[in-house]
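Student: So that we are looking at the same thing, I have put the structure below in structure tokens.
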Ligand code: GLU
């Protein structure tokens, strides 16, 4: 408030996050996301949050959570406040699912992976989305009786009825700092899974709920997750959540321009530390936009 009692309007300071999944050791691509996200918050006097995306019990390991702390400490990137773990927030994702179910936008899917593959093969021309062939909608077509019969004893995922959801929410847009205003096209994913048979929330649902719950103003992540934002924007609209600004950064590549994968073990930050690399020099190269792994992976 000013002396005259007028409320001063201020843009909210940036709140960013680094949100790795502890399914392996961090590599150079993670270091890039972390440093860009960290710097965006600190340039604004804002907050940089660390969120561990450990909803997948089959793939996440406690040792990799420790590895994340170790690697960020080695890089000298400190985070603000408590570390948030998605495994402790399942109730939030269940609440969001219940809302979508009450809106009539969710259905149980009893198909096994091999049934889906067979169904797609039989249909001849299955449309493809960013994650592969689209689910053909088999369980969307089940009768109420059939669903009620299967529900109690058959393992099932929960899928979003994409056509119904888009009809309710479209048209939608979001903003990316390199791509500009983007028209949301979540329909290219088909009926996405929002809760899996073995994990009560999917990446799409958990990340959307948490970005809103944590007041994230700016999502900084790799270009490989650009398409996923179409789905996140739709979920935000359906759940009445705010839309952050997006900063999808280019990926670290090898000399041939191929993106890095977790299997490239020699390129983990752990390996670099063992090889006596200089973390400050590494951060300086990442900040300067030098994203070719051969040059990043030098002893400085
Ligand atoms: N947990 C995701 C990953 O490790 C990143 C999530 C995000 O930044 O939205 O790939």
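Coordinate-derived values only; no laboratory data. Being a predicted model, the structure only gives us computed values, none of them experimental. Backbone-built Cβ (ideal geometry, glycine too); neighbour counts: all protein chains shown.
Student: Starting from the Cα gyration tensor of region 7-62, take the square roots of the eigenvalues, sort them a ≥ b ≥ c, and report rounded, prolate or oblate (rounded when a/c is under 1.5, otherwise prolate if a/b is larger than b/c, else oblate). Show your work: numbers first, answer last.
Tutor: Details: a/c = 5.22, a/b = 2.12, b/c = 2.46.
It comes out oblate by the Cα gyration axes.
Student: Could you check the spin-label model distance between residue 113 and residue 176? Points 7 Å from the Cα along Cα→Cβ, value in nm.
Tutor: According to this spin-label approximation, the distance is 2.8 nm.
Student: Same structure, new question: I need to check one value: relative contact order of region 153-300, counting alpha carbon pairs closer than 8 Å and at least 6 residues apart, in percent.
Tutor: Values: 181 pairs, mean separation 31.3, N = 148.
Relative contact order of region 153-300: 21 percent.
Student: Given contacts defined as C-alpha pairs under 8 Å and at least six residues apart, what's the relative contact order of region 147-230, whole-number percent? It would help to have the intermediate numbers written out before the result.
Tutor: Details: 59 pairs, mean separation 23.6, N = 84.
28 percent.
Student: Classify region 74-148: rounded, prolate or oblate, from the alpha-carbon gyration tensor (a ≥ b ≥ c, eigenvalue square roots; a/c under 1.5 rounded; otherwise prolate if a/b is larger than b/c)? Before the final figure, lay out the partial values.
Tutor: On the way: a/c = 3.43, a/b = 1.64, b/c = 2.09.
Oblate, since a/c reaches 1.5 and b/c is not below a/b.
Student: In degrees from 0 to 90, rounded to the nearest 10, what is the angle of the helix 228-239 Cα long axis to the longest principal axis of the chain?
Tutor: 60
Student: So how do 198-207, 153-162, 96-105 stack up, highest first, on mean other-Cβ count within 10 Å? Before the final figure, lay out each step's value.
Tutor: Working: 198-207: 22.1, 153-162: 17.5, 96-105: 15.7.
My ranking of the peptides, most packed first, is 198-207, 153-162, 96-105.
Student: Compute the helix-to-body angle for 203-213: its Cα long axis versus the longest principal axis of the chain, expressed 0 to 90° and rounded to tens.
Tutor: 60
Student: Which whole-number percentage describes the relative contact order of region 15-126, with Cα contacts under 8 Å and a sequence gap of 6 or more? Don't skip to the end; give the middle numbers.
Tutor: Working: 109 pairs, mean separation 29.8, N = 112.
Relative contact order for region 15-126 comes out at 27 percent.
Student: While we're here: Using the alpha-carbon centroid of each, what span in Å lies between region 83-149 and region 216-233?
Tutor: Using only Cα atoms to place each centre, the spacing works out to 21 Å.
Student: Taking square-rooted eigenvalues a ≥ b ≥ c of the alpha carbon gyration tensor, is region 78-209 rounded, prolate or oblate, where a/c under 1.5 means rounded and, failing that, a/b exceeding b/c means prolate?
Tutor: oblate
Student: Also, quick follow-up: Where does helix 113-123 land angle-wise versus the long Cα axis of the chain, in degrees 0 to 90, nearest 10?
Tutor: Roughly 70 degrees, rounded to the nearest 10.
Student: For every helix of n ≥ 4 consecutive DSSP H residues, a contribution of -39,500 (n - 2.57) applies; sum these over the chain, divide by its total residues, and give [θ] at 222 nm rounded to the nearest 500 deg cm²/dmol.
Tutor: Numbers: 11 runs with 111 residues, N = 300.
For the chain, the value works out to -11000 deg cm²/dmol.
Student: So if I restrict to the alpha-carbon atoms in region 21-102, what is the Rg, and what is Dmax, the biggest pairwise distance, in Å?
Tutor: Taking only Cα atoms of region 21-102, I get Rg and Dmax of 14.7, 46 Å.
Student: Also, I was wondering about something else. Could you work out how far apart the two model spin labels at residue 62 and residue 80 are, taking each label as a point 7 Å from the Cα in the direction of the beta carbon, and quote it in nm?
Tutor: Output for this residue pair reads 3.1 nm.
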